[in-house]
Amino acid sequence: MPPAGTRSVSSKDRVWVVPEALRATFAERYGPVYKGVEAENRVKALGVFGSCGDRVTAQAISLGHLPLVGIVDYKTRRHESVPRNAFVALAARRRVSVRNPAGMLTERLRRAVKETIAAGGGLIEVEGEEDLGGLALVESLPLGATVIYGIPGAGVSFVAVDAVAKDHVRRLIGTMELRRLDLGP
């Protein structure tokens, strides 16, 4: 047994890491991309959806159409911060904070997505990077939902959650390197 205050090897978190050789595969677009008014109109017309990224989540909220789950890390690739108060309406449902290092998908984030959906939705705040959170959304949202995420300089990608998308996500996660990492408490 480890000394008091130390985490055992078995208490390390499971994380899935994108192998360097597959980074291009994970950067591919998996749904149509729209920008401007067309993207806004498509967001407003969505049924159940989840969003991954600060700008796209804030945009949906500002349009008065809250995602069931929004995943943010309070950073953008444009290095323009999105004010935290942009997410207040979604955070009022539920707010969960998780650690998820860059280039990884943690068990904590996957679990937070599942639990937030089951609890009726809310905001997931990521300490680290939220980019791979879209995989957890496709994995956990019901069939017929949509996942939206921003592509800097290009617009908003819309991924229909169907059996093909879920299978694709399972295969992508299966190509990742499973590791154990101490993410702390």
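The values are calculated or read from the model by the stated rules, or taken from the named source; none is laboratory data. A quick note: this is a predicted structure, and the numbers were derived from the prediction, not measured. We place every Cβ from the backbone using ideal geometry, glycine too, and count neighbours over all the protein chains shown.
A compact table of results
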quantity: Residue in region 116-129 that is in contact with a strand residue (DSSP E or B) (Cβ under 9 Å, 6 or more places away or on another chain), surrounded by fewer than 19 Cβ atoms within 10 Å (Cβ to Cβ), in contact (Cβ under 8 Å) with a residue 12 or more places away in the chain and more than 30 Å from Lys12 (Cα to Cα) present; calculated: no
quantity: Given (1) surrounded by 19 or more Cβ atoms within 10 Å (Cβ to Cβ); (2) of a type in the set (Val, Ile, Thr); (3) out of contact with any helix residue (DSSP H, G or I) (no Cβ under 6 Å at 6 or more places or on another chain), index of the condition Val164 fails; calculated: (1)
quantity: Residues that are at pLDDT below 80 and surrounded by 10 or more Cβ atoms within 10 Å (Cβ to Cβ), drawn from region 5-29; calculated: Arg7, Ser11, Thr25, Phe26, Ala27, Arg29
quantity: Among residues of region 153-164, those that are out of contact with any Gly (no Cβ under 9 Å at 6 or more places or on another chain) and closer than 29 Å to Glu80 by Cβ, counted; calculated: 2
quantity: Single residue of region 148-161 satisfying the filter (farther than 23 Å from Pro19 by Cβ and either surrounded by 11 or more Cβ atoms within 10 Å (Cβ to Cβ) or of a type in the set (Phe, Trp, Tyr) (or both)) that is farthest from the chain's Cα centre (by Cα); calculated: Ala154
quantity: Of the criteria (1) more than 17 Å from Val17 (Cβ to Cβ); (2) surrounded by fewer than 18 Cβ atoms within 10 Å (Cβ to Cβ); (3) of a type in the set (Ser, Thr, Tyr), which one Thr175 fails; calculated: (1)
quantity: Residue tally, condition of a type in the set (S, T, N, Q) and more than 22 Å from Arg84 (Cβ to Cβ), over region 39-73; calculated: 1
quantity: Helices (runs of 4 or more DSSP H) lying entirely in region 73-155 (those with 1 or more residues that are within 22 Å of Tyr30 (Cβ to Cβ) and of a type outside the set (S, T, N, Q)); calculated: 107-118, 133-140
quantity: Failed item, numbered, when Cys52 is tested on (1) modelled with pLDDT under 95; (2) within 21 Å of Val17 (Cβ to Cβ); (3) among the hydrophobic types (A, V, I, L, M, F, W, C); (4) surrounded by 15 or more Cβ atoms within 10 Å (Cβ to Cβ); calculated: (1)
quantity: Filter result (of a type in the set (Val, Ile, Thr) and surrounded by fewer than 15 Cβ atoms within 10 Å (Cβ to Cβ)) within region 130-147; calculated: none
quantity: Lone unmet requirement of (1) at pLDDT below 95; (2) closer than 28 Å to Lys35 by Cβ; (3) out of contact with any helix residue (DSSP H, G or I) (no Cβ under 8 Å at 6 or more places or on another chain) for Thr76; calculated: (3)
quantity: Residue in region 167-178 that is out of contact with any Cys (no Cβ under 8 Å at 6 or more places or on another chain), charged (D, E, K, R), touching a residue at least 40 places away in the same chain (Cβ under 8 Å) and over 18 Å from Asp73 (Cβ atoms) present; calculated: yes
quantity: Any hit, region 38-49, residues being of a type outside the set (Phe, Trp, Tyr), part of a strand (DSSP E or B) and touching a Gly at 6+ places or on another chain (Cβ under 6 Å); calculated: no
